[in-house]
Amino acid sequence: MKTYPYAKGISPTLQVISLAILLTLLVTACSPTAPTQATQPPAATDPAQTGAVQGSGEVSLWTEFTAGGEAAGIEELINTWNGMNNGITINHRPIGNEEFFTVVRTALAGGVPPDVLQFEGYQQTREFAAAGQLEDITDLWNSVKDRFDLADAGEAACTFEGKVYCIPFTFVTGWQIFYNPDILAEHNIEVPTTMEEFLAAAETLKNAGVTPIALGNQAGWPGEHWWMGFLVQRCGVDTVYQAIRMEGASFTDECFVQSAADFQNLAQAGYLSPGAASDDYGLGQAVFESGQAAFFQTGAWYASGWNQPGQTPTPFEISIMPFPRFSDAANQEDVFGAITHVFAVPSGAANKEAALSVLEWLASEEAGNIWAKNGNASVIAGAVDNSAPQVIKDLYNNAKSADKSLPWIENELPPGVGEDKVYNGTVALITGAMTPEEFMQSIQEGLEAAQ
């Protein structure tokens with residue numbers, strides 16, 4: 001298995017998943033089963049897994065876990081910990097994804113952070129650590145790293161200048177598209193296996209008055225997913241990192257421009273839902289779930305929410321296909337997805353000793369199984385196989401046979417580039433306010449200005 005500086009990804013065999021395997025990924029939302037919630041204090045945690053609890057009092061925890069399996073999972077984790085009655089109580093503040101990064105940066109810069117912080121690693125780790133805002137937990141990591149799958153990838157997401165500042169928690173794949181099999185069957189469309197077949201299916205659906213692709217790209221990141229799906233096949237992971245580091249490649253190179261053109265072509269061909277540029281992510285999801293569109297691309301976290309309490313059943317069984325490739329794409333193997341959730345103790349934490357005890361427990365087998373049971377790809381070894389729903393097992397087991405995968409690119413670019421030039425640029429591509437060349441030029445110029 002090849003190790004990359006910032007990522008390790010999903011197996012290239014996703015490209016050749018057979019229809020039989022895809023059928024194992026079908027999840028019916030028509031008969032949801034709520035996960036079992038902890039209602040009684042759990043048995044005492046194995047000391048060999050967590051070590052002795054140090055500290056006492058309240059530990060504040062901030063996450064972006066507000067919906068689906070993430071919300072259910074963090075709730076059960078907190079209930080389990082608090083049920084131990086060990087003198088430390090976790091107080092959780094969930095923050096919506098759209099405002100999360102701003103709230104976190106403001107708190108860290110202002111010296112009023114939580115005791116334990118969840119974020120997305122990579123560039124954020126480097127940014128926060130360089131500013132002296134995270135506690136060095138290298139010793140803790142070295143004591144628990146043998147509990148993890150993809151430990152090298154997790155360590156890379158949490159490392160700055162040779163020191164480790166967080167523990168990895170979730171691997172999220174991006175190399176999939178969710179689809180409505182009823183719509184495809186109604187229009188005699190086979191599940192696409194190449195991008196040429198996908199575009200032909202989209203044209204057939206459009207001509208029949210059916211929206212091919214549901215997308216709510218108001219915030220820019222859902223469109224970024226589509227662009228990355230084209231980017232890894234047009235350029236490949238190695239070339240993208242060369243451009244990020246400005247070492248032998250540039251975002252203005254032909255393969256980067258082509259990937260942006262591929263995304264813009266979806267809009268120009270009329271394949272996106274009417275509110276693609278103005279609807280938020282939830283509205284795009286609603287278009288798909290109400291049966292108004294055939295395809296919906298998003299991260300694997302979507303699959304974790306299908307069977308959660310309060311989830312409205314869809315009128316069809318949601319199915320999953322690999323993100324299709326152009327037959328002439330230069331790269332036929334690389335994909336995108338990464339360690340996406342990490343936990344750290346800010347250097348300004350008010351209850352640092354107790355926070356470190358919580359952090360160590362989050363690296364335990366018990367915590368991993370709770371997280372996986374609620375539909376999340378925990379990177380604690382064995383947790384997914386032991387506890388996760390089948391759809392998550394299938395997605396994660398492909399991830400474990402990783403070769404090369406690109407993390408969400410905003411997590412590898414400076415904030416003013418990834419969360420500005422990229423996000424705003426994907427909206428501009430949809431509206432036609434930017435050409436592919438202009439989009440790539442804006443990213444390159446932003447990267448150069450940030451050096």
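Just so it is clear, none of the values below were taken in a lab; they were calculated from the coordinates. Just so we're clear, the structure is a prediction, and the values are computed from it rather than from any experiment. Glycine gets a Cβ as well: all are built from the backbone with ideal geometry, and neighbour counts include every protein chain shown.
Can you check what the net charge comes to around G55, using other residues whose Cβ is under 15 Å from the Cβ of G55 (Lys, Arg +1; Asp, Glu -1)?
Residues close to G55 contribute a combined charge of -4.
So what's the range 82-171 giving for Cα Rg divided by 2.2 N^0.38 Å, two decimals?
Cα-based Rg divided by the globular estimate yields 1.16.
If you add up the charges near A286, with Lys and Arg at +1 and Asp and Glu at -1, over every other residue whose beta carbon is less than 15 angstrom from its beta carbon, what do you get?
Around A286, the surrounding residues sum to -3.
Can you tell me how much longer the chain between Q451 and S278 gets when fully stretched, taken as 0.36 nm per residue apart minus their C-alpha distance, in nm with one decimal?
Here the answer is 59.1 nm.
In Å and whole numbers, how far do the C-alpha atoms of the range 141-185 stretch along each principal axis, longest first?
For the range 141-185, the Cα extents along the three principal axes come out at 52, 22, 12 Å.
So if each residue of separation counts as 0.36 nm, and I subtract the Cα-Cα distance between S143 and S327, what length gain in nm does that give?
61.6 nm
Report D for the range 241-294 in µm² per second (integer): Stokes-Einstein, Kirkwood Rh on Cα pairs, 37 °C, 0.692 mPa s.
Using the Kirkwood radius from Cα pairs, D works out to 244 µm²/s.
On a full-extension model of 0.36 nm per residue, what is the gain between H187 and N207, subtracting their alpha-carbon distance, rounded to one decimal in nm?
Stretched out fully, the H187 to N207 stretch lengthens by 6.1 nm.
On a 0 to 90 degree scale, rounded to 10, what angle separates helix 254-268 from the longest Cα axis of the chain?
Roughly 70 degrees between the two axes.
For the range 228-357, take the alpha-carbon Rg, divide it by the Kirkwood Rh, and send me Rg/Rh.
Over the Cα atoms of the range 228-357, Rg/Rh equals 1.07.
Express the relative contact order of the range 347-413 as a whole percentage, based on alpha carbon pairs under 8 Å and six or more residues apart in sequence.
For the range 347-413, the relative contact order is 19 percent.
Assuming a strict under-26 Å limit between Cα atoms, what lysine pair count do you get for the range 342-451 once near-sequence pairs (fewer than 8 apart, same chain) are dropped?
4
Can you give the alpha-carbon Rg of the range 100-148 over 2.2 N^0.38 Å, where N counts its residues?
Computed over Cα atoms of the range 100-148, the ratio equals 1.25.
In square nanometres, what is one fourth of the surface area of the convex hull spanned by the alpha carbons of the range 320-451?
12.0
List the residues, sorted by chain then number, that are 5 or more residues from E64 or on another chain and whose placed amide H is less than 5 Å from its amide H.
I95
What number, in nm² with one decimal, is the all-direction average of the projected area of the convex hull of the alpha-carbon atoms of the chain?
If I average the Cα hull's projected area over directions, I get 19.8 nm².
For the range 171-297, state the average projected area of the convex hull of the C-alpha atoms over all orientations, rounded to one decimal in nm².
The number I arrive at for the range 171-297 is 8.4 nm².
Expressed as a fraction of 2.2 N^0.38 Å, the rule-of-thumb size for a compact globular protein of N residues, what is the C-alpha radius of gyration of the range 60-120?
1.17
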